[in-house]
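The values are calculated or read from the model by the stated rules, or taken from the named source; none is laboratory data. A quick note: this is a predicted structure, and the numbers were derived from the prediction, not measured. Ideal geometry is used to build each Cβ from the backbone, glycine not excepted, and the neighbour counts take in all protein chains shown.
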Amino acid sequence: MEKDDSEAKTTVIVGDMTIPTVIRFLPVPELRYYAENPRIFSILRELGKVTQDEIERKLWEQDHTKDLFRDIKQNGGLLEEIIVRGNEVLEGNSRLCAYRRLLKDATATGDKDAIAKWSVMRARILPPDTNEKVVFAILGTLHIRGKAEWKPYEQASYLFRQATTHGMTSAQLAAQIGTNDADVKNMIEAYKLMDKHKVTDLSRFSYFVEFAKSKKLEDTKQYLPPNLVLEEKFSQWVKDGKIPRAEEVRNLPTILRDKSARTKFLSDSVTFEEALETAREHHPEATSSFYSKLKKATEAMNDAEEDRIRQEVSQDAQKKHVVRDLAKTARKFAHSVGADG
């Protein structure tokens, strides 16, 4: 793309805010990576506090940055400008990395035309007093509701910091990014669990979302040894690869509710799959809706207040019919399947 030295005035609309911006070319060497961008923030979380050079090295290791490098080189420039406040690239850090690599290659070969081309980037410039809350609202609109989606962990990082730093509620965040309140809470909780238990493999984020979503896992804590913290143990299982896939987290309550399967799994004497097989043998209702319904009916009768039910059926013929019909059907069915002995 040909460089255009003209300056264009435009705006960015976020919610009910209209923010004036200017579009012009900026020198690549003077631009800095924005450490608070969720993609950059995830790199910093993994490595600790690092330099701009280290951020650039890690960005270049990512496949999508190399894809951008090839696309930008082929197209002769950016198809969409980066977003800048001061000299910080709020949006477009991967593109900045690609440009710097192109400039480095051009400098190495002494190609003056290429050096001139890759020395500047087309940028949309925000007012210097644009606060962080507005910046994050822009980034969220672009990357969660827009086309260039962040990875799930990066989305969660954004949501967490919007909630903790900028005081936004889960309901407000849900409305901002076009999802529901429960999903926002689960993503934030998953992010907090990974951070607390120092799980640095970001590809494991979906495991923690499943953990945060599960109400059944909370109920299984009563079966665990008193000194075992489930969140901590779960994090270690994820680190060690003990749970084969994220969706298998939904089956973890089945294992933990069964004494034999739980004991073997906690002692590392069996795999997750073996423990699950044991639990399912002991609890067919865990995998069959038919047996699950029978178990729920049995539990309902065991938990019922007999004196109250006795009074109700004596006064209501329809309720008495329901109980009699259940007893009759149960006896007949048990006999038919050979389970009445």
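Couple of notes before you dig in:
- Matching option when the condition is assigned to a helix (DSSP H, G or I) and either under 30 Å from His197 (Cβ atoms) or not hydrophobic (A, V, I, L, M, F, W, C) (or both), among Asp71, Asp129: Asp71
- In segment 128-135 there is at least one residue that is touching a Gly at 6+ places or on another chain (Cβ under 9 Å), closer than 18 Å to Arg24 by Cα and of a type outside the set (Asp, Glu).
- A single entry from Phe265, Phe272 fulfils the requirement of being within 19 Å of Leu217 (Cβ to Cβ) and in contact with a Pro (Cβ under 8 Å, 6 or more places away or on another chain): Phe272.
- Residues that are over 17 Å from Ser42 (Cβ atoms), hydrophobic (A, V, I, L, M, F, W, C) and modelled with pLDDT under 85, drawn from segment 124-177: Ala137, Ile138, Ala175, Ile177
- Leading residue by the ranking (modelled with the lowest pLDDT) among those in segment 59-109 that are under 23 Å from Leu139 (Cβ atoms) and acidic (Asp, Glu): Glu80
- Counted residues, segment 217-231 - those being assigned to a helix (DSSP H, G or I), at pLDDT below 95 and not hydrophobic (A, V, I, L, M, F, W, C): 6
- Filter result for Val337 (surrounded by 13 or more Cβ atoms within 10 Å (Cβ to Cβ) and of a type in the set (A, V, I, L, M)): no
- Candidates Arg57, Arg101 - the one that is in the same structural domain as Arg24 (by TED's automatic domain parsing), touching a helix residue (DSSP H, G or I) at 6+ places or on another chain (Cβ under 6 Å) and outside any strand (DSSP E or B): Arg101
- Qualifying residues in segment 62-117 (those that are within 33 Å of the chain's Cα centre (by Cα) and among the acidic types (Asp, Glu)) - the one surrounded by the most Cβ atoms within 10 Å (Cβ to Cβ): Glu91
- Test for Ala137: is it among the aliphatic types (A, V, I, L, M) and within 30 Å of the chain's Cα centre (by Cα): yes
- Spans of helices (runs of 4 or more DSSP H) in segment 232-341 with at least 2 residues over 27 Å from Phe205 (Cα atoms) and touching a Lys or Arg at 6+ places or on another chain (Cβ under 7 Å): 306-315
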